[in-house]
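So the structure is just underneath, and the comments pick up after that.
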Amino acid sequence: MTQKQLDESVAHLRSKGFDTPDIGIVLGTGLGQMVDEIEDPIVAHYNHIPYFPLATVEFHSGKLIYGTIAGKKVVVMQGRFHLYEGYDFLDITYPIRVMHQLGIKRLFISNAAGAINLDFKKGDIMLIEDHINLQGSSPLAFKNVTAFGDRFVDMSEPYDVEMRVKIEAIAKRESISLQKGVYVSVVGPQLETKAEYRMLKTLGADAVGMSTVPEVIVANHLRLPIVAVSVLTDECDPDNLRPINIQEIIEIAAKTEPKMIKLFKGLIEEL
Ligand code: HPA
């Protein structure tokens, strides 16, 4: 990754009218309905943006959309890149750096995740308070990282406290029951064994998924305040584990997304 590549990606998007976004939003697996909230959308397909990774997974439609939600300019990633698609850490976090160069001041992240904490149920939303990186490397482990920021990035509070407090207040107001906890990222794409779910619980995780953490590390590198939520799509009870299928995960994500939209829209209004 070079500054020149970022400049070319940004120039392409500016030429399409991506002018002054305030907020970047990443939509996770099965979470595409939020794009219907965007007024006056301008769409850029990932495959047309210079140096963007090529979109591969069919249920991710692979678009960057610029427009207005609740009176604020946003840039929304419909579909993200995952390690399990064969990309590396620099590929999957490149869009975060592009949105930062476009001028976003905050980042909202969503994902579909499995509930490790068995007090949580599928269809619940979990506000991410902290994370554990089990993906084996870092998006900051590259040679010229210091050209883009610090190498030894502080991670003592990676998720913005002020936005977390606001999300909790919005959930209360909207009568949305909101869980809070620790997200652990794994590579996937296979789901976990019973022994692995037991291990993740022992490590202190409340939810498990295959994304988000690299993006959060890069956003901290860029000093972008982050809010992140997991839509819980399955219950990972090692003593009573049912086979999971990805179609079911996507369906539950879609059914739960309206609650997430209320939280995100509410937060945009308050910023
Ligand atoms: N494990 C990992 N990733 C997931 C899961 C899970 O159980 N559910 C949704 N994404």
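The values are calculated or read from the model by the stated rules, or taken from the named source; none is laboratory data. Just so it is clear, the structure is predicted and the values come from calculations on it, not from any experiment. For neighbour counting, all protein chains shown are included, and Cβ atoms are generated from backbone atoms with ideal geometry for every residue, glycine included. Heavy atoms of the whole protein, side chains included, go into the accessibility calculation; ligands, DNA and RNA do not. Shrake-Rupley method; radii C 1.70, N 1.55, O 1.52, S 1.80 Å.
Quick rundown of the values:
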quantity: Share, in percent, of DSSP beta bridges within the chain that are antiparallel, nearest 5; calculated: 35 percent
quantity: Debye intensity ratio in log₁₀ form over the Cα atoms of segment 86-126, taken at each q of 0.20, 0.31 Å⁻¹; calculated: -0.77, -1.06
quantity: Sorted largest first, extent of segment 183-271 alpha carbons per principal axis (Å); calculated: 43, 31, 20
quantity: Intensity falloff of segment 52-183 expressed as log10 I(q)/I(0), Debye formula with alpha-carbon point scatterers, at q = 0.14, 0.17 Å⁻¹; calculated: -0.86, -1.30
quantity: Mean Cβ neighbour count within 10 Å, used as a protection proxy, ranking 108-121, 145-158 highest first; calculated: 108-121, 145-158
quantity: Rounded percent of accessible protein surface that carbon and sulfur make up, segment 168-207, 1.4 Å probe; calculated: 55 percent
quantity: Heavy-atom surface of segment 182-271, accessible at 1.4 Å and reported per residue (Å²); calculated: 42 Å²
quantity: Dipole moment magnitude, nearest 20 debye, the chain about Cα centre, only Lys, Arg, Asp, Glu C-beta charged; calculated: 380 debye
quantity: Positive-end extreme of charge dipole, the chain - chosen from Leu31, Thr2, Leu200 (charges on Cβ); calculated: Thr2
quantity: Cα-based Rg of segment 175-222 normalised by 2.2 N^0.38 Å, two decimals; calculated: 1.34
quantity: Whole-number Å³ per residue for the convex hull built on Cα positions in segment 126-211; calculated: 131 Å³
quantity: Solvent exposure of segment 1-125 as accessible area per residue, Å², 1.4 Å probe; calculated: 38 Å²
quantity: Convex hull projection area averaged over all views, segment 157-196, Cα basis, nm²; calculated: 4.6 nm²
quantity: Once the Cα gyration tensor of segment 117-163 is diagonalised, semi-axes √(5λ) in Å; calculated: 30, 15, 8
quantity: Charged-residue dipole, Cβ positions (Lys, Arg, Asp, Glu), segment 1-156 about Cα centre, Debye nearest 20; calculated: 300 debye
quantity: Over segment 1-135, relative contact order from alpha-carbon pairs under 8 Å, at least 6 apart, %; calculated: 32 percent
quantity: Largest-first principal axis extents, alpha carbons of segment 1-127, Å; calculated: 47, 37, 25
quantity: Carbon + sulfur, % of accessible area of segment 97-158 - ligands and nucleic acids excluded, 1.4 Å; calculated: 48 percent
quantity: Reduced Cα scattering model of the chain, Debye log10 I(q)/I(0), q = 0.10, 0.13, 0.17 Å⁻¹; calculated: -0.46, -0.81, -1.45
quantity: Taking the chain and dividing mean pair separation by its residue count, relative contact order in percent (alpha carbons under 8 Å, at least six apart); calculated: 26 percent
quantity: Greater than 30 Å apart at Cα, pairs in Lys122/Lys143; Lys73/Lys259; Lys122/Lys172; Lys4/Lys259; Lys16/Lys180; calculated: Lys122/Lys143; Lys4/Lys259; Lys16/Lys180
quantity: Pairwise centroid distance, computed over Cα atoms, of segment 63-92 with segment 107-170, Å; calculated: 16 Å
